[in-house]
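Let me begin by presenting the structure, written as C-alpha coordinates, before commenting on it.
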Amino acid sequence: MADVEAVPGTQAALRRANQRRVIEALRSSGTLTQAEIARATGLSAASISNIVRDLRECGTVSVRETSSNGRRARGVTLVRPPGTVIGIDFAPTRITAALGDGQGTVLARESIGYDVAADPERGVRRAVWLTETLLGGARTDRSMVTAMGVALPTPIDVTTGEIGSVSCFPRWFGFRPAEALSERLGLPVVAENDANLCALEEARAGGGRGLEHVIYLRLSHGVGAGIIVAGRLLRGAGGTAGEIGHMGLDERGQVCRCGNRGCLETIAGAPYLLDMLPRHDDSAGPATLAEMVDAAVASDPGSRRIIAEAGSALGRATALIANLVNPELVIIGGELAGAGELLLEPMRRSMELGTLGSALSDLKIVQGELGEDAALLGALRLATASVEESAR
Ligand SMILES: [Zn+2]
(Lines give C-alpha, C1' and ligand atoms only; values in the text may rest on other atoms or scores of the structure.)
Protein backbone atom coordinates (compact mmCIF):
# COMPACT_ATOMS: atom_id res chain seq x y z
CA MET A 1 0.00 0.00 0.00
CA ALA A 2 1.48 3.33 -1.06
CA ASP A 3 1.75 5.91 1.64
CA VAL A 4 -0.61 8.80 1.00
CA GLU A 5 1.05 11.29 3.31
CA ALA A 6 2.88 14.10 1.54
CA VAL A 7 6.62 14.07 2.19
CA PRO A 8 7.65 17.34 3.87
CA GLY A 9 9.27 19.83 1.45
CA THR A 10 7.58 18.38 -1.62
CA GLN A 11 5.20 20.20 -3.94
CA ALA A 12 2.27 18.27 -2.40
CA ALA A 13 3.24 19.29 1.14
CA LEU A 14 3.54 22.93 0.07
CA ARG A 15 0.13 22.82 -1.64
CA ARG A 16 -1.41 21.33 1.51
CA ALA A 17 0.19 24.00 3.73
CA ASN A 18 -1.14 26.73 1.43
CA GLN A 19 -4.62 25.14 1.47
CA ARG A 20 -4.53 25.28 5.26
CA ARG A 21 -3.66 28.99 5.20
CA VAL A 22 -6.62 29.69 2.93
CA ILE A 23 -8.98 27.67 5.12
CA GLU A 24 -7.72 29.37 8.28
CA ALA A 25 -8.36 32.77 6.67
CA LEU A 26 -11.93 31.69 5.76
CA ARG A 27 -12.50 30.16 9.15
CA SER A 28 -11.71 33.41 10.97
CA SER A 29 -13.35 35.83 8.52
CA GLY A 30 -16.32 33.99 6.96
CA THR A 31 -16.88 34.73 3.24
CA LEU A 32 -13.95 36.41 1.48
CA THR A 33 -13.29 37.37 -2.12
CA GLN A 34 -10.28 35.76 -3.80
CA ALA A 35 -8.45 39.11 -3.64
CA GLU A 36 -9.12 39.34 0.10
CA ILE A 37 -7.83 35.79 0.60
CA ALA A 38 -4.68 36.72 -1.30
CA ARG A 39 -4.15 39.72 0.97
CA ALA A 40 -4.87 37.71 4.14
CA THR A 41 -2.50 34.87 3.24
CA GLY A 42 0.18 36.68 1.27
CA LEU A 43 -0.21 34.14 -1.56
CA SER A 44 -0.37 35.20 -5.21
CA ALA A 45 -3.71 35.63 -6.98
CA ALA A 46 -2.84 32.72 -9.30
CA SER A 47 -2.12 30.42 -6.32
CA ILE A 48 -5.38 31.42 -4.64
CA SER A 49 -7.25 30.71 -7.83
CA ASN A 50 -5.79 27.18 -8.01
CA ILE A 51 -6.34 26.44 -4.32
CA VAL A 52 -9.95 27.66 -4.41
CA ARG A 53 -10.60 25.48 -7.48
CA ASP A 54 -9.20 22.41 -5.63
CA LEU A 55 -11.14 23.13 -2.44
CA ARG A 56 -14.32 23.65 -4.42
CA GLU A 57 -13.85 20.33 -6.22
CA CYS A 58 -13.62 18.43 -2.95
CA GLY A 59 -16.63 20.26 -1.50
CA THR A 60 -14.73 22.19 1.16
CA VAL A 61 -15.74 25.66 -0.09
CA SER A 62 -18.54 27.13 -2.17
CA VAL A 63 -17.96 29.97 -4.64
CA ARG A 64 -20.49 32.51 -5.86
CA GLU A 65 -20.27 35.58 -8.05
CA THR A 66 -20.46 38.80 -6.10
CA SER A 67 -19.14 42.35 -6.36
CA SER A 68 -16.45 44.17 -4.45
CA ASN A 69 -15.92 47.94 -4.79
CA GLY A 70 -18.17 47.91 -7.84
CA ARG A 71 -16.17 45.16 -9.57
CA ARG A 72 -17.15 41.57 -10.18
CA ALA A 73 -15.55 39.24 -7.64
CA ARG A 74 -15.82 35.66 -6.43
CA GLY A 75 -17.02 35.18 -2.85
CA VAL A 76 -15.56 32.07 -1.21
CA THR A 77 -17.22 30.42 1.83
CA LEU A 78 -16.37 27.32 3.89
CA VAL A 79 -18.99 24.61 3.40
CA ARG A 80 -18.08 22.25 6.21
CA PRO A 81 -18.48 23.90 9.59
CA PRO A 82 -15.29 24.12 11.65
CA GLY A 83 -15.28 21.32 14.21
CA THR A 84 -15.24 18.37 11.83
CA VAL A 85 -13.49 15.48 13.61
CA ILE A 86 -12.44 11.91 12.83
CA GLY A 87 -12.82 8.87 15.09
CA ILE A 88 -10.95 5.59 14.58
CA ASP A 89 -11.80 2.33 16.32
CA PHE A 90 -9.02 -0.28 16.17
CA ALA A 91 -10.42 -3.76 16.88
CA PRO A 92 -8.27 -6.92 16.59
CA THR A 93 -9.54 -7.74 13.09
CA ARG A 94 -11.17 -4.51 11.92
CA ILE A 95 -10.50 -0.79 11.60
CA THR A 96 -13.47 1.58 11.47
CA ALA A 97 -13.21 5.29 10.76
CA ALA A 98 -15.94 7.91 11.05
CA LEU A 99 -16.24 11.58 10.19
CA GLY A 100 -18.21 13.56 12.77
CA ASP A 101 -19.57 17.09 12.92
CA GLY A 102 -18.41 17.80 16.47
CA GLN A 103 -21.99 17.52 17.78
CA GLY A 104 -21.99 13.72 18.00
CA THR A 105 -23.42 13.15 14.50
CA VAL A 106 -21.64 10.72 12.17
CA LEU A 107 -21.37 12.28 8.69
CA ALA A 108 -19.68 9.30 7.02
CA ARG A 109 -17.99 6.03 7.94
CA GLU A 110 -15.69 3.41 6.44
CA SER A 111 -14.58 0.04 7.73
CA ILE A 112 -12.12 -2.66 6.65
CA GLY A 113 -11.16 -6.10 7.91
CA TYR A 114 -7.49 -6.09 8.91
CA ASP A 115 -5.14 -8.01 11.20
CA VAL A 116 -4.47 -4.95 13.36
CA ALA A 117 -2.58 -6.78 16.11
CA ALA A 118 0.13 -8.04 13.72
CA ASP A 119 2.16 -4.83 13.38
CA PRO A 120 1.61 -1.30 14.77
CA GLU A 121 3.30 0.56 11.88
CA ARG A 122 1.25 -1.28 9.27
CA GLY A 123 -1.93 -0.88 11.36
CA VAL A 124 -1.36 2.88 11.45
CA ARG A 125 -0.64 3.04 7.69
CA ARG A 126 -3.87 1.16 7.04
CA ALA A 127 -5.77 3.59 9.28
CA VAL A 128 -4.26 6.55 7.42
CA TRP A 129 -5.35 5.01 4.12
CA LEU A 130 -8.85 4.41 5.51
CA THR A 131 -9.00 8.02 6.72
CA GLU A 132 -8.08 9.29 3.24
CA THR A 133 -10.75 7.01 1.72
CA LEU A 134 -13.31 8.32 4.22
CA LEU A 135 -12.44 11.95 3.49
CA GLY A 136 -12.44 11.38 -0.27
CA GLY A 137 -15.87 9.71 -0.13
CA ALA A 138 -17.26 12.53 2.03
CA ARG A 139 -15.67 15.15 -0.27
CA THR A 140 -13.96 16.71 2.70
CA ASP A 141 -10.43 18.05 2.61
CA ARG A 142 -8.13 16.89 5.38
CA SER A 143 -7.35 20.48 6.28
CA MET A 144 -11.00 20.85 7.38
CA VAL A 145 -10.54 18.28 10.13
CA THR A 146 -9.69 19.71 13.53
CA ALA A 147 -8.73 16.57 15.47
CA MET A 148 -8.80 12.77 15.59
CA GLY A 149 -9.79 10.48 18.48
CA VAL A 150 -8.66 6.84 18.56
CA ALA A 151 -10.04 3.82 20.45
CA LEU A 152 -7.74 0.85 21.14
CA PRO A 153 -8.32 -2.39 23.11
CA THR A 154 -5.17 -1.74 25.13
CA PRO A 155 -4.11 0.14 28.23
CA ILE A 156 -2.62 3.51 27.26
CA ASP A 157 -0.30 5.50 29.50
CA VAL A 158 -1.95 8.86 30.06
CA THR A 159 1.28 10.87 30.12
CA THR A 160 3.41 9.13 27.46
CA GLY A 161 0.66 7.80 25.19
CA GLU A 162 2.42 4.41 25.15
CA ILE A 163 0.58 1.11 24.83
CA GLY A 164 0.93 -1.09 27.93
CA SER A 165 2.50 -4.55 27.97
CA VAL A 166 -0.59 -6.68 28.53
CA SER A 167 -3.15 -6.00 25.83
CA CYS A 168 -5.02 -7.47 22.90
CA PHE A 169 -2.13 -6.09 20.77
CA PRO A 170 1.06 -7.45 22.43
CA ARG A 171 3.16 -6.33 19.43
CA TRP A 172 2.05 -2.75 20.03
CA PHE A 173 3.75 -2.67 23.45
CA GLY A 174 5.61 0.64 23.87
CA PHE A 175 4.17 2.04 20.60
CA ARG A 176 2.64 5.52 20.61
CA PRO A 177 -0.33 5.32 18.24
CA ALA A 178 -1.52 8.92 18.63
CA GLU A 179 1.94 10.27 17.87
CA ALA A 180 2.36 8.00 14.81
CA LEU A 181 -1.05 8.98 13.37
CA SER A 182 -0.48 12.65 14.09
CA GLU A 183 2.86 12.63 12.23
CA ARG A 184 1.32 11.03 9.17
CA LEU A 185 -1.92 13.03 9.06
CA GLY A 186 -0.72 16.39 10.35
CA LEU A 187 -3.60 16.48 12.83
CA PRO A 188 -3.83 16.56 16.62
CA VAL A 189 -4.62 12.96 17.67
CA VAL A 190 -5.69 11.61 21.08
CA ALA A 191 -5.90 7.91 21.93
CA GLU A 192 -7.85 6.21 24.70
CA ASN A 193 -8.71 2.69 25.82
CA ASP A 194 -11.86 1.46 24.06
CA ALA A 195 -13.74 0.32 27.18
CA ASN A 196 -13.09 3.74 28.73
CA LEU A 197 -14.54 5.46 25.65
CA CYS A 198 -17.56 3.12 25.66
CA ALA A 199 -18.16 3.92 29.33
CA LEU A 200 -17.99 7.67 28.71
CA GLU A 201 -20.23 7.51 25.64
CA GLU A 202 -22.88 5.27 27.25
CA ALA A 203 -22.85 7.55 30.33
CA ARG A 204 -23.27 10.60 28.12
CA ALA A 205 -25.61 9.46 25.37
CA GLY A 206 -26.59 5.83 26.01
CA GLY A 207 -27.95 3.64 28.80
CA GLY A 208 -26.12 5.51 31.57
CA ARG A 209 -27.45 8.99 30.77
CA GLY A 210 -27.61 11.17 33.86
CA LEU A 211 -25.77 8.66 36.07
CA GLU A 212 -22.54 9.39 37.95
CA HIS A 213 -21.36 5.89 38.90
CA VAL A 214 -21.26 3.54 35.93
CA ILE A 215 -19.23 0.47 35.01
CA TYR A 216 -19.00 -0.60 31.38
CA LEU A 217 -17.79 -4.12 30.57
CA ARG A 218 -16.47 -4.69 27.07
CA LEU A 219 -16.80 -8.42 26.39
CA SER A 220 -15.03 -9.22 23.20
CA HIS A 221 -11.65 -10.71 22.26
CA GLY A 222 -10.48 -9.56 25.69
CA VAL A 223 -12.41 -8.46 28.76
CA GLY A 224 -12.01 -4.83 29.82
CA ALA A 225 -13.91 -2.30 31.85
CA GLY A 226 -14.41 1.44 31.87
CA ILE A 227 -15.18 2.70 35.35
CA ILE A 228 -16.85 6.05 35.96
CA VAL A 229 -16.92 7.23 39.57
CA ALA A 230 -18.57 10.50 40.56
CA GLY A 231 -18.89 11.40 36.87
CA ARG A 232 -15.17 10.96 36.15
CA LEU A 233 -13.33 8.19 34.37
CA LEU A 234 -11.05 6.17 36.64
CA ARG A 235 -7.73 5.83 34.79
CA GLY A 236 -5.30 5.02 37.58
CA ALA A 237 -1.67 6.14 37.77
CA GLY A 238 -0.58 4.58 34.49
CA GLY A 239 -3.84 4.09 32.58
CA THR A 240 -4.42 0.44 33.47
CA ALA A 241 -7.43 0.94 35.77
CA GLY A 242 -10.33 -1.21 34.59
CA GLU A 243 -8.22 -4.11 33.28
CA ILE A 244 -10.56 -6.52 34.99
CA GLY A 245 -9.78 -9.28 32.48
CA HIS A 246 -6.71 -9.99 34.58
CA MET A 247 -8.52 -10.32 37.86
CA GLY A 248 -7.47 -13.73 39.25
CA LEU A 249 -10.53 -15.91 39.82
CA ASP A 250 -9.18 -19.47 39.69
CA GLU A 251 -5.74 -20.30 41.03
CA ARG A 252 -5.81 -23.66 39.28
CA GLY A 253 -7.14 -22.23 36.02
CA GLN A 254 -5.38 -21.75 32.69
CA VAL A 255 -2.27 -19.62 32.41
CA CYS A 256 -3.21 -16.25 30.90
CA ARG A 257 -1.28 -14.20 28.33
CA CYS A 258 -0.36 -11.86 31.22
CA GLY A 259 1.50 -14.71 32.93
CA ASN A 260 -0.92 -15.14 35.82
CA ARG A 261 -3.22 -18.09 36.25
CA GLY A 262 -7.00 -18.23 36.14
CA CYS A 263 -7.63 -14.61 35.06
CA LEU A 264 -11.23 -13.67 34.21
CA GLU A 265 -10.17 -13.48 30.56
CA THR A 266 -9.24 -17.20 30.58
CA ILE A 267 -12.85 -17.90 31.56
CA ALA A 268 -14.73 -15.25 29.55
CA GLY A 269 -12.39 -14.05 26.74
CA ALA A 270 -13.33 -14.98 23.15
CA PRO A 271 -10.38 -17.32 22.30
CA TYR A 272 -10.94 -19.32 25.49
CA LEU A 273 -14.70 -19.57 24.99
CA LEU A 274 -14.25 -20.78 21.40
CA ASP A 275 -11.65 -23.29 22.58
CA MET A 276 -14.20 -24.86 24.94
CA LEU A 277 -16.48 -25.90 22.08
CA PRO A 278 -16.40 -29.55 21.14
CA ARG A 279 -14.89 -29.96 17.65
CA HIS A 280 -16.34 -32.49 15.25
CA ASP A 281 -14.64 -33.08 11.94
CA ASP A 282 -17.92 -33.32 10.07
CA SER A 283 -19.50 -30.11 11.32
CA ALA A 284 -18.35 -26.53 11.14
CA GLY A 285 -19.10 -25.01 14.55
CA PRO A 286 -18.93 -21.34 15.51
CA ALA A 287 -15.55 -19.83 14.57
CA THR A 288 -16.08 -16.39 16.09
CA LEU A 289 -17.65 -15.06 19.27
CA ALA A 290 -20.50 -13.54 17.26
CA GLU A 291 -21.21 -16.95 15.67
CA MET A 292 -21.16 -18.59 19.10
CA VAL A 293 -23.68 -16.04 20.36
CA ASP A 294 -25.88 -16.71 17.31
CA ALA A 295 -25.65 -20.48 17.96
CA ALA A 296 -26.61 -19.97 21.62
CA VAL A 297 -29.58 -17.78 20.69
CA ALA A 298 -30.58 -20.56 18.24
CA SER A 299 -30.53 -23.02 21.20
CA ASP A 300 -27.17 -24.76 20.64
CA PRO A 301 -26.69 -26.41 24.08
CA GLY A 302 -22.86 -26.27 24.08
CA SER A 303 -22.73 -22.57 23.23
CA ARG A 304 -25.42 -21.85 25.83
CA ARG A 305 -23.51 -23.68 28.52
CA ILE A 306 -20.24 -21.88 27.74
CA ILE A 307 -21.94 -18.46 27.73
CA ALA A 308 -23.76 -19.20 31.00
CA GLU A 309 -20.47 -20.14 32.69
CA ALA A 310 -18.82 -17.00 31.33
CA GLY A 311 -21.78 -15.04 32.79
CA SER A 312 -21.21 -16.60 36.22
CA ALA A 313 -17.52 -15.69 36.18
CA LEU A 314 -18.29 -12.15 34.98
CA GLY A 315 -20.85 -11.84 37.78
CA ARG A 316 -18.25 -12.81 40.39
CA ALA A 317 -15.74 -10.30 39.03
CA THR A 318 -18.40 -7.57 38.76
CA ALA A 319 -19.43 -8.21 42.37
CA LEU A 320 -15.85 -7.50 43.48
CA ILE A 321 -15.78 -4.18 41.59
CA ALA A 322 -19.29 -3.30 42.76
CA ASN A 323 -18.18 -3.77 46.37
CA LEU A 324 -15.29 -1.38 45.70
CA VAL A 325 -16.94 1.43 43.75
CA ASN A 326 -20.68 0.98 44.44
CA PRO A 327 -21.99 1.75 40.91
CA GLU A 328 -25.61 2.53 39.99
CA LEU A 329 -25.44 0.69 36.70
CA VAL A 330 -23.34 -2.00 34.99
CA ILE A 331 -23.52 -1.84 31.20
CA ILE A 332 -22.30 -4.72 29.07
CA GLY A 333 -21.12 -4.38 25.50
CA GLY A 334 -18.96 -6.21 22.95
CA GLU A 335 -19.98 -9.25 20.88
CA LEU A 336 -20.72 -11.42 23.93
CA ALA A 337 -23.33 -8.91 25.12
CA GLY A 338 -25.42 -9.99 22.09
CA ALA A 339 -26.32 -13.13 24.08
CA GLY A 340 -28.61 -10.93 26.21
CA GLU A 341 -30.36 -12.78 29.03
CA LEU A 342 -28.44 -16.00 28.28
CA LEU A 343 -25.44 -14.15 29.73
CA LEU A 344 -27.13 -11.63 32.02
CA GLU A 345 -29.25 -14.05 34.00
CA PRO A 346 -26.33 -16.21 35.31
CA MET A 347 -24.33 -13.00 35.75
CA ARG A 348 -26.98 -11.48 38.02
CA ARG A 349 -27.28 -14.71 39.98
CA SER A 350 -23.55 -14.90 40.80
CA MET A 351 -23.47 -11.18 41.56
CA GLU A 352 -26.17 -11.65 44.14
CA LEU A 353 -23.98 -14.22 45.87
CA GLY A 354 -20.91 -12.00 45.90
CA THR A 355 -22.10 -8.44 46.41
CA LEU A 356 -22.85 -6.61 49.64
CA GLY A 357 -26.57 -6.02 50.04
CA SER A 358 -26.11 -2.25 50.21
CA ALA A 359 -24.00 -2.15 47.02
CA LEU A 360 -26.46 -4.37 45.19
CA SER A 361 -29.79 -2.92 46.24
CA ASP A 362 -30.02 -0.32 43.47
CA LEU A 363 -27.64 -1.94 40.99
CA LYS A 364 -28.88 -2.85 37.52
CA ILE A 365 -27.08 -4.75 34.74
CA VAL A 366 -28.15 -3.92 31.21
CA GLN A 367 -26.97 -4.21 27.62
CA GLY A 368 -25.46 -1.03 26.16
CA GLU A 369 -27.75 1.12 24.02
CA LEU A 370 -25.08 2.16 21.55
CA GLY A 371 -24.02 -1.37 20.63
CA GLU A 372 -20.81 -1.81 18.65
CA ASP A 373 -20.68 1.91 17.83
CA ALA A 374 -19.98 3.00 21.42
CA ALA A 375 -16.17 3.08 21.03
CA LEU A 376 -16.30 4.86 17.66
CA LEU A 377 -18.74 7.51 18.94
CA GLY A 378 -16.58 7.87 22.03
CA ALA A 379 -13.52 8.44 19.83
CA LEU A 380 -15.36 11.23 17.96
CA ARG A 381 -16.33 12.85 21.24
CA LEU A 382 -12.76 12.51 22.52
CA ALA A 383 -11.54 14.41 19.46
CA THR A 384 -14.09 17.19 19.96
CA ALA A 385 -13.26 17.44 23.66
CA SER A 386 -9.54 17.73 22.87
CA VAL A 387 -10.21 20.64 20.50
CA GLU A 388 -12.32 22.42 23.14
CA GLU A 389 -9.65 21.83 25.74
CA SER A 390 -6.86 23.22 23.60
CA ALA A 391 -9.00 26.30 22.82
CA ARG A 392 -9.25 27.13 26.52
ZN1 LIG B 1 -4.29 -12.29 32.78
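Worth pointing out:
- Qualifying residue in segment 303-312 (condition: without any contact (Cβ under 8 Å) to a residue 60 or more places away in the chain, loosely packed, with under 15 Cβ neighbours inside 10 Å and part of a helix (DSSP H, G or I)): yes
- When Thr131, Thr140 are screened for being surrounded by fewer than 22 Cβ atoms within 10 Å (Cβ to Cβ) and more than 16 Å from the ligand (Cβ to nearest atom), only Thr140 passes.
- Some residue of segment 236-254 being more than 16 Å from the ligand (Cβ to nearest atom) and exposed (fewer than 14 other Cβ atoms within 10 Å of the Cβ): yes
- Candidates Thr96, Thr66 - the one that is surrounded by 15 or more Cβ atoms within 10 Å (Cβ to Cβ) and either touching a residue at least 60 places away in the same chain (Cβ under 8 Å) or in a strand (DSSP E or B) (or both): Thr96
- Scanning segment 334-358 for residues that are more than 25 Å from Glu372 (Cβ to Cβ), out of contact with any Lys or Arg (no Cβ under 6 Å at 6 or more places or on another chain) and part of a helix (DSSP H, G or I), we see that the one that is modelled with the highest pLDDT is Arg349.
Here is a yes/no grid of residues against (1) of a type outside the set (Val, Ile, Thr); (2) within 11 Å of the ligand (Cβ to nearest atom):
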| residue | (1), (2) |
| --- | --- |
| Arg232 | yes, no |
| Arg257 | yes, yes |
| Gly269 | yes, yes |
| Leu273 | yes, no |
| Leu277 | yes, no |
| Leu289 | yes, no |
| Val293 | no, no |
| Ile306 | no, no |
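- Restricting segment 48-96 to residues that are aliphatic (A, V, I, L, M), under 16 Å from Met144 (Cα atoms) and modelled with pLDDT of 90 or more, the residue that is nearest to the chain's Cα centre (by Cα) is Ile86.
- Of the listed requirements (1) polar (S, T, N, Q); (2) out of contact with any strand residue (DSSP E or B) (no Cβ under 9 Å at 6 or more places or on another chain); (3) in the same structural domain as Leu187 (by TED's automatic domain parsing), Ser47 misses just one: (3).
- Answer from Ala180, Ala191, Ala203 - the residue that is over 13 Å from the mean Cα position of the chain (by Cα) and under 19 Å from Ile86 (Cβ atoms): Ala180
- For segment 215-222, the criterion of a residue being of a type in the set (D, E, K, R), away from the ligand (no atom under 16 Å from the Cβ) and either buried (at least 18 other Cβ atoms within 10 Å of the Cβ) or in the same structural domain as Leu289 (by TED's automatic domain parsing) (or both) is satisfied by no position.
Here is a yes/no grid of residues against (1) in contact with a helix residue (DSSP H, G or I) (Cβ under 6 Å, 6 or more places away or on another chain); (2) at pLDDT 95 or above; (3) more than 21 Å from Leu344 (Cβ to Cβ):
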site	(1), (2), (3)
Ile244	yes, no, no
Met247	yes, no, no
Arg252	no, no, yes
Arg279	no, no, yes
Pro286	yes, no, no
Asp300	no, no, no
Ala308	yes, yes, no
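- Those residues of segment 118-142 which are in a helix (DSSP H, G or I) and of a type in the set (D, E, K, R), in sequence order: Glu121, Arg122, Arg125, Arg126, Glu132, Arg142
- Number of the condition not met by Leu264 [criteria: (1) hydrophobic (A, V, I, L, M, F, W, C); (2) more than 15 Å from the ligand (Cβ to nearest atom); (3) in contact (Cβ under 8 Å) with a residue 40 or more places away in the chain]: (2)
The values are calculated or read from the model by the stated rules, or taken from the named source; none is laboratory data. Computed from a prediction, not measured in an experiment: that's the story for all the values here. A quick note on method: Cβ atoms are made from the backbone with ideal geometry, for glycine too, and the neighbour counts reach across all protein chains shown.
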